[in-house]
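Scroll down for the structure; my scribbles are underneath it.
Every number here is computed from the coordinates shown, using simple stated rules; none is lab data. Not measured: the values here are computed from a predicted model. When we count neighbours, we look across all protein chains shown, and the Cβ atoms used for this are built from the backbone with ideal geometry, even at glycine.
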Amino acid sequence: MMLAECFGSLIEPKISEHGGHLIRSSGDGLLVEFDSTLDAVRCGIEIQRELSTRNAAVDIERRFQMRIGVNAGDVIVDERDIYGNSVNIAARLETLAEPGELFVTNTVRDQLLGHPDLAFEDRGWHRLKNIEPQIQVFRVTRAQEQKTLSPLRRVRLAVRRCLALFPTPRPIVVVSALALAAIIGALPVWRGKNPNSAQASIMVLPFRSMSNDPEEGYFADAVTDDLTTDLSRMSDTVVIARATAFTYKGKVVDPRQIGQDCDVRYLLEGSIRKIGTKVQANTHLVDARSAVAIWADQFDSDVTDLFELQEAVTGRIASSLGIQLVKAESRRRERSSDPNAVDMRLRAMAILIDSITPQHNLAARKYLQESVRLSPLSAIAWSQLADVLMRDYLNRWNDAEKDATARKDLLRQAEDALQKAFTLDPTIALSHMDDGFIRRAKGDHQGALDAFDRALELDPNLALAYAQKANQLVLTGHPKEAPPLALKAIRLSPLDPSRNVFSWVLGRAYFAMRNYDDAIVWLRKSVAERPTVWFSRAHLVSAFALTGNAADAAGALKDFDNALPGYTLARIQDIYLQEIPNKDPAFQKTLQELYKGLQQAGMK
């Protein structure tokens, strides 16, 4: 059952039936307008009920769940969209719900209180990101559903919240002028029987506040809450709901006991010390089966804006933890006598995390090809296959070294893999980043910039997407806008396997601004971090020459020839003309400066 099927046969008819007006949709979510708060709530309840019925009749791996939030308030209307704080509250509200649930604010509850068909379960007061003051939240069900639940059934439902829930991307909001409904993220529901094939599961335990001021405890809670949401974007990773995690707040519990109680493999625990705008966060990733810490790190931030500070802390932890979970899961599965599609994909990821080289890229590609053969319905595997194919294409590695025909075939394979990924699940951030690579290769530079923006909307912690957006700004003639984005990528993931890309983009941006001294600093870093990339070496040679440093230019050119023989001025000009077409006048001037510097350095 695909999201498109649900939309055409269920969601759209229900919206129409209840007088809703679809404002926009973006693959993983909808923006809808209702004139009645009751209609919005009824629409949400009926969609959830029908979806639950449909899920019972299909295979587990093709089931989808949704989360819905409803708020009421004024909105700002223009020709194509609606905006306002009420919309933002609906967006934040949805993230509190678990898959299959509908949440509303106290404003909605007050309007509908006493309605004979509705029951409201108080879920407490919550501080929503960028929203003041706190909002009281209620879960809504049909009244008869609450009445018919036996005490045993209620206990079972409470226990189920402690089991593996399913990650849902941050929402695109479905709202109304009077009642604002957020309906988001249809995701496949799957649990493996084999412990080696099951999804990795993690719980973010409430971070401890180490500040002297007891009132600073809210900041530690906010970091915990944001981390739970951010980690939910990781593929094949189940993140236990925040409601369950907070039941352990302030308690000393053996990690092994939590692992047994909640059927969770990893625990993330930590502490926050906040003094003014300075924050120090200490984190530990613990194996819940053995209570052994398998990773620890410390993060220091100093940001003046409170919300920026919160995002800096959670973003850095989420980016680093994503890499560590891949390593841990890969090690755990290495001894599997019957490797499956997830094993193949994790092995590919672990190879690339270790280091990105032509040989590692080729090995990862083979693992991913085997992964999609074993599981052709895995959107993330298809997306990652498109990613390694495009890495070979852009870097002229492996097949791409041969000839133009081989490179065109690589691009075609990448497009085919990406199309399969989009068909299966259009909400994967990596897919949109790969879409940007492909559009760039075809000369659609504005389309590429839009694709990188979509990737960041889906995953604001995807460091490489910030760097690639920065790179695209250089290609579209806006190099001055690029450095802050590339520096944010470095802050988010300072030990990223693609760190050389961050350095390269900064070097290229400064080169385009004709700030060759700063360009040399970052281009040197990029070359040192990954010596097998031709374009960072070419720009370094040219930057040395353009600053009048003939000796360093000659030395860098010699190193270039030794490391990557066969690159001539004509060949580089042909690459930019044929494989990275770009008619932007500002970028063409940058290219001419590149060629000028290469000629001055002595490149033939």
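Annotations
- Approximate spin-label separation Thr357-Ala551, in nm, with each point projected 7 Å along Cα-to-Cβ: 3.2
- From most to least packed by mean Cβ count within 10 Å, the peptides 478-484, 263-269 give 263-269, 478-484.
- Order of Leu389, Leu475, Leu227, Leu495 - criterion: other Cβ atoms within 10 Å of each residue's Cβ, fewest first: Leu495, Leu475, Leu227, Leu389
- Inter-probe distance in nm under a simple model that places probes 7 Å from Cα toward Cβ, at Arg139 and Ser9: 2.8
- Sequence-distant lysines (8 or more away, or on other chains) whose Cα lies within less than 28 Å of Lys488: Lys129, Lys274, Lys278, Lys327, Lys442, Lys469, Lys480, Lys525, Lys589
- Among 533-543, 555-565, 94-104, the peptide with the highest mean count of other Cβ atoms within 10 Å heads the list, and the full ranking is 533-543, 94-104, 555-565.
- Selection among Gly447, Val342, His432 by position relative to the dipole of the range 339-459 gives Val342 as farthest towards the positive end (Cβ unit charges, Cα centre).
- Order by protection proxy (mean Cβ within 10 Å, highest first), peptides 31-42, 359-370: 31-42, 359-370
- Total charge dipole magnitude, the range 363-514, about the Cα centre, Cβ charges on Lys, Arg, Asp, Glu only, Debye to nearest 20: 480
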